[in-house]
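The values are calculated or read from the model by the stated rules, or taken from the named source; none is laboratory data. What you see is a predicted model, and the numbers here were worked out from it, not measured in a lab. Cβ sites come from the backbone with ideal geometry, for glycine too, and all protein chains shown count toward neighbours. Keep in mind that these areas ignore ligands, DNA and RNA; they rest on the heavy atoms of the full protein, side chains included. Shrake-Rupley method; radii C 1.70, N 1.55, O 1.52, S 1.80 Å.
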Amino acid sequence: MFSFLKKFFGSKYDKDVANYEPRVALINEEVERLKLVSNDELRNRSLALRERIKEYLSDIDQEIEAAKNEANQEEDINAKEVIFLEIDELIKQRDKKTEEILLEILPEAFAVVKETSRRFKENSTLTVTTTEHDRLLAANSKKTYISIQGEQAIWKNTWMAAGGEITWNMVHYDVQLIGGMVLHDGKIAEMQTGEGKTLVATLPAYLNGLTGEGVNIITVNDYLARRDSEWIGPIFEFLFLTIDCIDNYRPNTEERRKAYRCDITYGTNNEFGFDYLRDNMVTSKEEMVQRKLHFAMVDEVDSVLIDDARTPLIISGPVPKGTEEQEYEALKPLVERLLAAQQKQTTQHLADAKRLFKEGKTGYQEGEAGMALLRAYRTLPKYRPLIKFLSEEGVKVTLQKAENFYMQEQSKNMHLVDAELLFTIDEKNRNVELTDNGAEFLAKYVEDADFFIMPDMATRMYEIDNQDAPEQVRSDEKVRLAQEYAVKARRLHATSQLLKAYTMFERDQEYVVMDGQVKIVDEQTGRMMEGRRYSDGLHQALEAKENVKVGDITQTYATVTLQNYFRMYHKLAGMTGTAETEAGEFWEIYKLDVVVIPTNKKVIRADKRRYGVQRLRRKNTTH
């Protein structure tokens with residue numbers, strides 16, 4: 001019945017595309033008119049469109065400027081705050097008016113980009129009257145595609161991109177015009193691989209770049225950021241727009257600041273996020289590199305906004321040197337003993353699970369396979385024999401049923417599972433916790449039976465307060481108690497981080513050891529992340545594990561998740577080949593609609609339905 005209604009009325013995506021088709025006709029009509037104008041007239045349309053935008057916003061800009069002047073002259077701090085709130089509201093109104101004028105000029109702006117692309121494709125050179133813009137570009141030794149001959153500027157259609165020479169050979173198809181409009185509307189365009197997402201991005205980038213507010217185009221790695229900015233840069237530059245890539249420059253430099261001041265700025269998601277954090281740590285506005293977060297287009301949007309969205313970006317710095325660095329090395333032998341004992345337990349629980357599973361006892365109570373399997377999983381979830389057993393038919397389902405049962409009602413009955421364990425691992429939340437059994441096990445190898453047991457602060461404070469002793473004696477007792485608490489808290493934290501390093505992080509997967517250093521591997525690109533360290537003592541734990549020099553303990557200065565960062569933009573859009581399956585999450589988190597763009601030619605490949613495909617999300621925290 002549903003299939004029949006869908007066929008009769010059309011799907012959501014069919015209707016979405018149909019809504020854009022009238023404007024496609026307007027764009028193509030404008031393209032035909034532009035074919036008759038000279039190269040100078042074509043590129044000067046950019047100046048005319050900028051002027052139209054400026055004129056449309058002139059009234060609201062005057063209001064904002066007047067309000068700022070009033071705020072500068074106001075001495076009363078409360079009155080000043082009221083004015084600043086009014087300015088914020090005026091800026092929101094300006095953003096709305098900006099979208100109004102951009103929608104009005106969209107057909108002409110898209111047509112300018114399409115016609116420029118056609119001329120670069122069909123001509124080896126384009127000759128225009130020289131401007132100061134051309135002279136500045138020609139003076140750059142890297143921009144060999146433009147030369148000055150007297151009063152004429154010669155633009156070639158061949159240039160370097162990603163280390164190789166390319167010749168421009170692309171003109172926008174109608175479906176790409178639709179994709180451009182979807183992005184401009186602040187939506188996600190799902191386009192199949194090979195359908196030209198990079199070319200599609202030129203349309204909304206040019207249109208929104210005309211405002212001077214800045215367009216940020218985000219990619220998942222620095223190679224793509226540099227390649228795309230070099231690939232399409234000359235098209236924008238021919239049309240009097242500026243373009244750069246922040247990944248070409250070091251942080252906190254004047255070059256990176258200038259890159260952000262360009263009309264169109266390329267870069268990787270992490271670099272944009274870290275620049276935001278650095279800007280929040282400066283002492284003056286002049287030191288900031290970013291400006292208003294106006295419009296962002298995210299390539300591989302499902303990877304950036306869903307998979308990595310909750311991974312925090314962290315800027316940290318060293319804390320004063322103390323004994324904690326040595327504590328990781330001192331505790332390492334104890335943790336290795338604990339790990340060996342737990343592995344024996346895991347082997348036994350796994351053997352019990354296999355036996356009970358064969359006997360058909362697949363429940364989750366004591367003496368059944370589900371309980372034994374869950375215990376093995378909560379001890380060492382990355383234990384290879386366990387992983388192999390979970391791949392057998394019905395085993396993982398048994399584990400999931402047991403886990404669901406014991407996790408209900410806020411894990412009220414999980415203590416029954418953990419009663420025998422030395423430490424527990426919560427793989428989903430990437431957390432390791434030492435149990436009372438584990439603390440007792442470790443205490444056998446040290447002189448102090450309470451070496452890993454935290455003092456009961458409330459009880460001990462009450463006892464000290466009720467002592468028949470002078471005030472100074474009681475005060476000294478409280479100081480010693482606080483010191484004991486701090487020492488044991490650091491010790492337990494270091495133990496927990498060491499356990500995490502041994503059980504949840506594998507060498508040559510999450511990290512590598514090179515030149516006597518532990519280096520993080522980027523899970524998206526497989527590249528080493530030079531200069532980055534895990535936070536909260538985890539990196540020191542890995543260094544102790546791998547017998548390399550343990551670095552300084554760090555503290556967090558600033559942190560933000562990609563999800564929170566990208567939600568600060570006035571307008572957010574994205575492109576990917578696989579967004580439809582995540583449409584619900586995109587709408588729930590970002591209020592982003594997904595529009596599936598049809599292919600330029602009918603697909604003749606027979607796509608089969610996919611089974612068992614699920615996106616895996618990692619929560620490693622790096623800084």
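Annotation: extensible slack from A71 through R430 equals 124.4 nm (criterion: 0.36 nm per residue apart, minus Cα-Cα distance).
Apply the a/c threshold of 1.5 to the C-alpha gyration tensor of the chain and tell me whether it is rounded, prolate or oblate. Prolate, because a/c is 1.5 or more and a/b exceeds b/c. Quick check on the range 8-125: take the gyration tensor over C-alpha atoms, sort the square-rooted eigenvalues as a ≥ b ≥ c, and tell me if it's rounded (a/c under 1.5), prolate or oblate. Oblate.
The range 82-141 and the range 579-604 have Cα centres spaced 27 Å apart. All other residues with a Cβ under 13 Å from the Cβ of T265 taken together, and with Lys, Arg as +1 and Asp, Glu as -1, what is their net charge? That works out to -1. Going 7 Å from the Cα of M528 along its beta-carbon direction, which residues of the range 545-576 have the amide nitrogen within less than 17 Å of the resulting point? Backbone N within reach: 546-551.
Which residues among the range 433-470 fall inside the zone where the amide N is under 16 Å from a point 7 Å beyond the Cα of Y485, along Cα→Cβ? Under 16 Å, as judged by backbone N against the label point of Y485, lie 453-466 of the range 433-470.
Restricting the chymotrypsin sites (Phe, Trp or Tyr not before Pro) of the range 433-480 to loop positions (DSSP other than H, G, I, E, B) with no more than 12 neighbouring Cβ atoms within 10 Å leaves Y445. Please work out whether the range 108-167 counts as rounded, prolate or oblate from its C-alpha gyration tensor, where a ≥ b ≥ c are the square roots of the eigenvalues and a/c under 1.5 means rounded, while otherwise a/b larger than b/c means prolate and anything else oblate? Taking the square roots of the gyration eigenvalues as a ≥ b ≥ c, the range 108-167 is oblate. Histogrammed with a bin width of 10 Å, the alpha carbon distances of the range 298-386 distribute as 14, 23, 18, 27, 16, 2 percent, first bin at zero.
Where in the chain lies the longest segment free of GluC sites (Glu not before Pro) that are both loop residues by DSSP (not H, G, I, E, B) and have at most 12 other Cβ atoms within 10 Å? Here the longest segment lacking exposed loop sites spans 152-358.
Net charge of the neighbourhood of T435, taken over other residues with C-beta under 14 Å away and scored Lys/Arg +1, Asp/Glu -1, is -4.
Over the chain, accessible surface divided per residue gives 52 Å², non-protein components excluded, 1.4 Å probe.
In percent, rounded to a whole number, the relative contact order of the range 364-449 is 25, using alpha-carbon pairs under 8 Å and six or more apart.
The charge dipole of the chain, taken about its Cα centre with unit charges on the Cβ of Lys, Arg, Asp and Glu (plus for the first two, minus for the last two), comes to roughly 2580 debye. Among S141, A79, N123, flag the residue with its Cα farthest along the positive direction of the charge dipole of the range 1-152, charges on Cβ as +1 for Lys/Arg and -1 for Asp/Glu. Going by the Cα projections, it comes out as N123. Look at the alpha carbon pairs under 8 Å that are at least 6 residues apart: their mean separation over the length of the range 405-530 gives a relative contact order of 15 percent. Note on the range 276-299 and the range 512-550: Cα centroid distance 28 Å, given to the nearest whole angstrom.
Placing a pseudo-label 7 Å from each Cα along the Cα-to-Cβ vector at Y223 and R250 gives an inter-label distance of 2.5 nm. Taking every C-alpha pair closer than 8 Å and separated by at least 6 residues, the mean separation divided by the residue count of the chain gives a relative contact order of 18 percent. Carbon-plus-sulfur accessible fraction, the chain (probe radius 1.4 Å, protein heavy atoms only): 49%. Show me the trypsin sites (Lys or Arg not before Pro) within the range 384-445 that DSSP assigns to loop and that have at most 14 other Cβ atoms within 10 Å of their Cβ. Sites meeting the loop and neighbour criteria: K412, K428, K444. For T198 and K15, FRET efficiency with R0 = 22 Å and r from the beta-carbon atoms, rounded to 0.05? Here the calculated transfer efficiency is 0.25. Any of K121/K571; K35/K97; K97/K591; K444/K549; K80/K292 with alpha carbons more than 25 Å apart? Name them for me. Too far apart for the 25 Å limit: K121/K571; K35/K97; K444/K549.
Mind listing which trypsin sites (Lys or Arg not before Pro) in the range 128-219 are in a DSSP loop and have 12 or fewer other Cβ atoms within 10 Å? The qualifying sites are K142. Local charge for F84 was computed over the other residues whose Cβ lies under 12 Å away, with Lys and Arg +1 and Asp and Glu -1, and equals -4. In the chain, helices alone account for a calculated mean residue ellipticity at 222 nm of -17000 deg cm²/dmol, with every DSSP H run of four or more residues adding -39,500 (n - 2.57).
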